[in-house]
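The structure appears right after this line, and notes come after that.
Please treat every number below as a calculation from the coordinates, not as lab data. Computed from a predicted model, the values in this text were never measured in an experiment. Cβ placement follows ideal geometry from the backbone for every residue including glycine, while neighbour counts extend to all protein chains displayed.
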Amino acid sequence: MRKMFRKLRGRMEEFDITIAEMAEEMKVSANYLSKRFNGHIPFTIVDIYVICAMLKIDHDEITQYFPEQESMVAAHVKPV
């Protein structure tokens, strides 16, 4: 099975943050976040925006980090 969200995981490594640390910062359980990273449950738009803020991901780069949710993100991100 391929590892999902490879680019996002790489960005987390750059910031030296684990899923458990990210979950704590987001005030959710590590299990909640892990299920999303493993593709069992999709990220919510709120999850995506919080993670992008934590990892300093620009809005125009969101779909590079969350390709599986591209259609959902496109519906919420308006071009500038």
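General remarks:
- Taking every C-alpha pair closer than 8 Å and separated by at least 6 residues, the mean separation divided by the residue count of the stretch 6-72 gives a relative contact order of 33 percent.
- Centre-to-centre separation between the Cα atoms of the stretch 39-55 and those of the stretch 5-21: 12 Å.
- Charged neighbours of L8, selected by a Cβ distance under 12 Å, balance to +1 (K, R count +1; D, E count -1).
- With the simple model of a label 7 Å out from the Cα in the direction of the Cβ, E68 to M4 spans 0.2 nm.
- Spin-label pair I41-K56: with each label point 7 Å from Cα along the Cα-Cβ axis, the two points sit 3.1 nm from one another.
- The residues packed around L55, meaning those with a beta-carbon under 13 Å from its beta-carbon, carry a net charge of -4 if Lys and Arg are +1 and Asp and Glu are -1.
- Counting charges near I41 (Lys, Arg +1; Asp, Glu -1) among other residues having Cβ under 14 Å from its Cβ returns a value of 0.
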